[in-house]
Amino acid sequence: MCDTGEQVRALIVDDEPVARRVLREELELMPGVEVAGEAENGADALQAISNLHPDVMFLDLQMPGLDGFSVIRSLSGGPMPVVIVVTAYD
């Protein structure tokens, strides 16, 4: 995935355990992608971003509490991960 041979570090954020598992299993099949962590809500996502410094984040928008849009609005300073929105809804 990276021309430099480095792994792309991914963070999965979704309140549904099954959705996280399916996405993790798919990402683990991709060479060059490392699943650095998972979060089940927005607050945990912000902590994981701060601790793990992912390159890309697969982010569910509809979560209880801090939703995906709030997570994005809360990001500031430092390099921001590429955000890929994942959802089971239209």
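The values are calculated or read from the model by the stated rules, or taken from the named source; none is laboratory data. Fair warning: this is a prediction, and the values are worked out from it, not measured in the lab. Virtual Cβ from ideal backbone geometry, glycine too; neighbours counted across all protein chains shown. These accessible areas exclude ligands, DNA and RNA; they are computed on the full protein's heavy atoms, side chains included. Shrake-Rupley method; radii C 1.70, N 1.55, O 1.52, S 1.80 Å.
Summary of computed values
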read-out: Top-ranked residue in region 49-71 [being part of a helix (DSSP H, G or I) and more than 21 Å from Ala88 (Cβ to Cβ); ranked as least open to solvent (accessible area, probe 1.4 Å)]; value: Ile49
read-out: In region 20-35, the residues that are assigned to a loop (DSSP other than H, G, I, E, B) and either open to solvent by less than 100 Å² (accessible area, probe 1.4 Å) or in contact (Cβ under 8 Å) with a residue 40 or more places away in the chain (or both); value: Met30, Gly32
read-out: Among (1) open to solvent by 70 Å² or more (accessible area, probe 1.4 Å); (2) within 12 Å of the chain's Cα centre (by Cα); (3) under 15 Å from Val85 (Cβ atoms), the one test that Glu16 misses; value: (2)
